[in-house]
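First the structure, in the form of structure tokens, and then the observations on it.
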Amino acid sequence: ATSDPARMVEVAGFLNSISRTGEAVTVLDQAEAMGAPRSEILLMKARLQLQTGQLAQAEATLSKAHSAGIRDVRLSLLDVQILLATKGAPAVDKALALLDQAAAQYPLDVPLERARVDLVMTYEKWQAADRALEGLKQALYHEQGTATEAHVASARVFARLSRWTNALGEYRIALADQGSDVSLWIEYGRAAELAGRSATAREAFAEAARLSPSNPEITKALRGIDEH
């Protein structure tokens, strides 16, 4: 990689992914000295600075990226991360607006759509839930041909909003693709129990028990259904 500046940036990213941040910074500095693409250098540098808590430096780096006219979905995600890191909860609405704006430009970017759903769930911005979940579904379908992850997220959001019919429907869609996932059957059963759908809860726990016969959590759940 030492003869290829762009590859050096990739090496820095790899080192960072395995928590070798100090070495990643060193390699990134070498890549910059060798003339690696400025956009990649600035984006990676801001990411490393954020991860190491150098918030002021990260803000300065992102400012340089914007001044350089960089147009990249990763820049939008970094903008949101630094905004939440420096301003906290009072900046959530602005962060959500930034993600919505980026989603209009990059509607099929899975990390972006995941970030939007995560923000909605973490800060309970339920008014934005439907569009965020739909965006994640479309991005996942485009990239993977399946949106099971988004259906599970939808089920959890609807459960928190007590929209039980929607929640249980989303769980069923997810389980059609991940029918061997014991924890998902348990989660579905818990949701059905909370919704007052005892028969559905029993069926869910029974399927979980079939997949994992010696699981004490499932045995306890079934006993609880019987007692009620």
Checked L50, L15 against criteria (under 20 Å from T86 (Cβ atoms) and either of a type in the set (F, W, Y) or part of a helix (DSSP H, G or I) (or both)); the one match is L50
Suppose we filter the stretch 180-228 for residues that are small (G, A, S), over 16 Å from T148 (Cβ atoms) and assigned to a loop (DSSP other than H, G, I, E, B); how many remain? 4
Could you grab me the full set of residues in the stretch 20-47 that are more than 19 Å from L77 (Cβ to Cβ) and not in a loop (DSSP other than H, G, I, E, B)? G22, E23, V25, T26, V27, D29, Q30, A31, E32, A33
Taking the stretch 19-50 and the residues there that are β-branched (V, I, T) and under 27 Å from G88 (Cα atoms), the one that is surrounded by the fewest Cβ atoms within 10 Å (Cβ to Cβ) would be T21
Which residues, counting only those in the stretch 65-83, are within 24 Å of D130 (Cα to Cα) and in contact (Cβ under 8 Å) with a residue 24 or more places away in the chain? V73, R74, S76, L77, L78, V80, Q81
Does V117 satisfy the criteria of being within 21 Å of A191 (Cα to Cα), touching a Phe, Trp or Tyr at 6+ places or on another chain (Cβ under 8 Å) and among the β-branched types (V, I, T)? no
Unmet criterion (only one of (1) in contact with a His (Cβ under 9 Å, 6 or more places away or on another chain); (2) more than 30 Å from V92 (Cα to Cα)) for G145: (1)
Residue within the stretch 125-136 that is farther than 19 Å from V80 by Cα and touching a helix residue (DSSP H, G or I) at 6+ places or on another chain (Cβ under 8 Å) present: no
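For the stretch 51-64, which residues satisfy the criterion of being open to solvent by less than 30 Å² (accessible area, probe 1.4 Å) and either under 17 Å from D29 (Cβ atoms) or without any contact (Cβ under 8 Å) to a residue 12 or more places away in the chain (or both)? Don't jump to the end; show me each part of the working.
Filtering the stretch 51-64 for residues open to solvent by less than 30 Å² (accessible area, probe 1.4 Å) gives 58, 61-62.
Answer for the stretch 51-64, where residues must be open to solvent by less than 30 Å² (accessible area, probe 1.4 Å) and either under 17 Å from D29 (Cβ atoms) or without any contact (Cβ under 8 Å) to a residue 12 or more places away in the chain (or both): A58, T61.
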What number goes with the only condition from (1) open to solvent by 20 Å² or more (accessible area, probe 1.4 Å); (2) among the small types (G, A, S); (3) farther than 26 Å from V80 by Cβ that A204 does not pass? (1)
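The values are calculated or read from the model by the stated rules, or taken from the named source; none is laboratory data. Fair warning: this is a prediction, and the values are worked out from it, not measured in the lab. Note that each Cβ is placed from the backbone with ideal geometry, even for glycine, and that neighbours are counted across all protein chains shown. Keep in mind that these areas ignore ligands, DNA and RNA; they rest on the heavy atoms of the full protein, side chains included. Shrake-Rupley method; radii C 1.70, N 1.55, O 1.52, S 1.80 Å.
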